[in-house]
Amino acid sequence: MFCKVRSLGLHGVTGYEVTAECDLSGGLPAFDIVGLPDAAVREARERVRAAIKNCGFSFPVSRITVNLAPADRRKAGTVYDLPILAGILTAGGQLRDAGEKSAFVGELSLGGEVRPVVGMLPMALAARRAGIESLYVPAGSAAEATLAGGLTVYPVEHVRQLVAHLQGEALIAPAPAWRPAPEDFLCPDFSEVKGQDTAKRALEIAAAGGHNLAMVGPPGSGKSMLARRLPSILPDMTRREALEATEVHSVMGLTDQSRPLLVQRPFRSPHHSISATGLAGGGNPLPRPGEISLAHNGVLFLDELPEFHKDALEALRQPMEEGQVAITRSAGSERFPARFMLVCAMNPCKCGWYGHPDHRCRCSPAEVKNYLGKLSGPLLDRIDLYVDVPALDFEELSRRPQAETSGEIKARVNAARQVQSGRFGPAGPDCNAHMGPRELERFCALDADCQTVMKGAFARMGLTARSYDRILRVARTIADLDGAEQIQVPHLAEALQYRESDYLRQ
Ligand SMILES: Nc1ncnc2c1ncn2[C@@H]1O[C@H](COP(=O)(O)OP(=O)(O)OP(=O)(O)O)[C@@H](O)[C@H]1O
Ligand SMILES: [Mg+2]
Ligand SMILES: [Zn+2]
């Protein structure tokens with residue numbers, strides 16, 4: 001007796017179709033799973049056997065072989081428990097065949113409860129691509145599965161419930177499509193930051209165009225405070241961006257069952273002790289996404305940048321250029337999305353007070369040079385905006401001016417982002433920071449006056465070819481915030497001003 005049950009698996013952050021082929025034949029009772037299973041998949045035998053018995057069915061006294069096809073791909077995790085159980089019961093004639101438009105995923109407890117799985121969203125998207133119509137998933141993962149759209153998702157809590165449904169005794173109600181509720185934004189507000197208008201302006205530009213930004217300043221000047229408020233002004237995500245970000249979080253088990261879709265752009269701020277693997281992704285034998293992929297379509301914030309391990313920072317270079325990270329392993333290479341906005345904060349020197357008018361810096365000139373010298377040129381070159389965040393004087397701190405709220409800033413950011421998506425169209429880049437050579441040529445042409453300004457700056461500041469393009473992209477964003485069709489001299493001049501930090505010019 002033989003039967004096929006469809007299921008899904010994960011390869012990196014992408015789902016793919018798997019078929020559990022179950023064969024029951026005469027001979028000594030045995031239970032084998034083939035098709036490159038890892039230890040967790042092999043242990044499915046014990047869970048399935050116990051669940052079948054504990055739900056009142058008889059475990060077939062036969063030679064059972066389960067092949068997880070395609071047999072040449074490694075299978076990991078516990079998602080195959082449910083399809084294997086369904087296959088064995090169907091092959092043994094104890095359960096009606098669910099049909100070839102159905103697929104199953106889910107982990108089982110020994111008692112037959114169906115437990116949530118990680119990576120539900122990418123698997124559901126793969127189910128949709130494979131033409132599956134009915135998807136049986138753990139009740140806890142059902143909301144996330146509905147995000148894929150176009151599938152009838154059956155939330156299963158217990159094996160008995162699934163059997164009653166397939167036998168036509170008691171039908172399971174399909175899960176309703178999950179919709180985000182308008183929720184309160186739990187992010188601190190920019191109106192709490194006094195002064196620091198230049199830094200706020202730079203953060204607004206960075207958010208509007210997706211540019212990388214670095215803040216340099218003495219201790220306590222408000223760098224961390226400013227960065228933590230960045231999520232409150234980031235542009236709203238499109239549905240596609242939200243799904244992409246959610247896929248990575250789903251695979252890492254970071255989605256919330258009751259609110260499965262990420263509705264805010266991710267903001268990741270790893271501690272400076274993080275390893276290169278933790279930051280960029282990796283691990284053996286199955287590579288996992290790192291912080292840069294969790295920050296996909298959002299922000300990676302590196303506070304105290306010079307304290308990070310050198311090799312961790314080096315690992316950022318290639319992904320920052322390509323918007324994805326390639327991890328090569330003996331088993332093949334893996335690609336994870338990693339299109340993020342880099343925001344970093346740092347002191348100008350080890351003690352933090354270099355260049356301050358009243359405080360004395362205790363570092364030797366060599367130490368000062370060494371501190372920021374640790375940051376490699378190519379990394380600094382990938383930063384579009386540098387802002388100095390000076391210590392506020394007493395006057396500014398004691399004043400209580402009416403600072404702008406995050407809501408007001410966000411409205412301008414959203415408007416500028418809309419101009420960008422209108423200009424590039426659905427097939428183009430998502431924001432100015434990701435313009436390629438073609439868009440740069442079309443949308444960032446400089447008139448004669450701008451050419452003169454740019455030429456002067458090039459000679460004076462010793463810019464590289466890469467920084468030339470970065471300046472054009474930032475100038476484009478400033479023009480978009482200004483509602484201007486063409487880049488004009490004031491836009492370009494402001495963009496150039498962010499290329500230089502008083503501290504980094506030493
Ligand atoms: N511009 C400001 N407006 C209001 N409060 C501020 C401002 N700057 C600093 N503060 C206060 O000082 C505290 C410390 O600021 P923050 O941690 O952001 O400094 P920092 O620049 O990150 O310093 P470090 O270099 O030591 O990390 C804040 O929590 C806040 O209470
Ligand atoms: Mg800080
Ligand atoms: Zn110092």
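Residues of the stretch 359-389 being within 16 Å of ligand 1 (Cβ to nearest atom) and open to solvent by 20 Å² or more (accessible area, probe 1.4 Å), which ones?
Residues of the stretch 359-389 within 16 Å of ligand 1 (Cβ to nearest atom): 359, 361-363, 368, 371-372, 375, 386-389.
Scanning the stretch 359-389 gives His359, Cys361, Arg362, Cys363, Asp388.
Any residue at all in the stretch 330-344 that is closer than 30 Å to Leu392 by Cβ, surrounded by 15 or more Cβ atoms within 10 Å (Cβ to Cβ) and within 16 Å of ligand 1 (Cβ to nearest atom)?
So far as the stretch 330-344 goes, yes, one or more of its residues are closer than 30 Å to Leu392 by Cβ, surrounded by 15 or more Cβ atoms within 10 Å (Cβ to Cβ) and within 16 Å of ligand 1 (Cβ to nearest atom).
Does Arg128 qualify as being charged (D, E, K, R) and closer than 27 Å to Cys55 by Cα?
no
What are the residues in the stretch 94-127 that are part of a strand (DSSP E or B) and open to solvent by 50 Å² or more (accessible area, probe 1.4 Å), if any?
Glu113, Arg115
If the Cβ limit is 7 Å and pairs must be 6+ apart or interchain, which residue in the stretch 335-355 that is touching a residue at least 12 places away in the same chain (Cβ under 8 Å) pairs with which residue that is hydroxyl-bearing (Ser, Thr, Tyr) and within 16 Å of ligand 3 (Cβ to nearest atom)?
Pro348/Tyr354; Pro348/Tyr503; Cys349/Tyr371; Lys350/Tyr371; Tyr354/Tyr503; Gly355/Tyr503
Arg229 versus (1) open to solvent by 60 Å² or more (accessible area, probe 1.4 Å); (2) among the basic types (Lys, Arg); (3) within 16 Å of ligand 2 (Cβ to nearest atom); (4) out of contact with any strand residue (DSSP E or B) (no Cβ under 9 Å at 6 or more places or on another chain): which is the lone unmet condition?
(1)
Among the residues of the stretch 198-223, how many are within 23 Å of Leu372 (Cβ to Cβ), in contact with a Phe, Trp or Tyr (Cβ under 7 Å, 6 or more places away or on another chain) and away from ligand 3 (no atom under 16 Å from the Cβ)?
Selection size over the stretch 198-223: 2.
Which of the residues that make up the stretch 388-403 are among the charged types (D, E, K, R) and modelled with pLDDT under 75?
Glu395, Glu396, Arg399, Arg400 - these are the residues of the stretch 388-403 that are among the charged types (D, E, K, R) and modelled with pLDDT under 75.
Scan the stretch 459-466 and tell me whether some residue there is in a loop (DSSP other than H, G, I, E, B), free of Cβ contacts under 8 Å to residues at least 40 places away in the same chain and more than 16 Å from ligand 3 (Cβ to nearest atom).
Yes, that holds for at least one residue.
Name the residue that is farthest from ligand 3 (Cβ to nearest atom), counting only residues in the stretch 169-192 that are among the acidic types (Asp, Glu) and part of a loop (DSSP other than H, G, I, E, B).
The qualifying residue farthest from ligand 3 (Cβ to nearest atom) is Glu169.
Among the residues that make up the stretch 447-462, is at least one of them acidic (Asp, Glu) and open to solvent by less than 20 Å² (accessible area, probe 1.4 Å)?
No, because not a single residue in the stretch 447-462 is acidic (Asp, Glu) and open to solvent by less than 20 Å² (accessible area, probe 1.4 Å).
Restricting attention to the stretch 1-59, which residues are assigned to a loop (DSSP other than H, G, I, E, B) and over 29 Å from the mean Cα position of the chain (by Cα)?
Initially, the stretch 1-59 is screened for residues assigned to a loop (DSSP other than H, G, I, E, B), giving 1, 12-13, 26-29, 35-36, 38, 43, 55-59.
The answer is Met1, Gly26, Gly27, Leu28, Pro29, Gly35, Glu43, Cys55, Gly56, Phe57, Ser58, Phe59.
The values are calculated or read from the model by the stated rules, or taken from the named source; none is laboratory data. Computed from a prediction, not measured in an experiment: that's the story for all the values here. Glycine gets a Cβ as well: all are built from the backbone with ideal geometry, and neighbour counts include every protein chain shown. These accessible areas exclude ligands, DNA and RNA; they are computed on the full protein's heavy atoms, side chains included. Shrake-Rupley method; radii C 1.70, N 1.55, O 1.52, S 1.80 Å.
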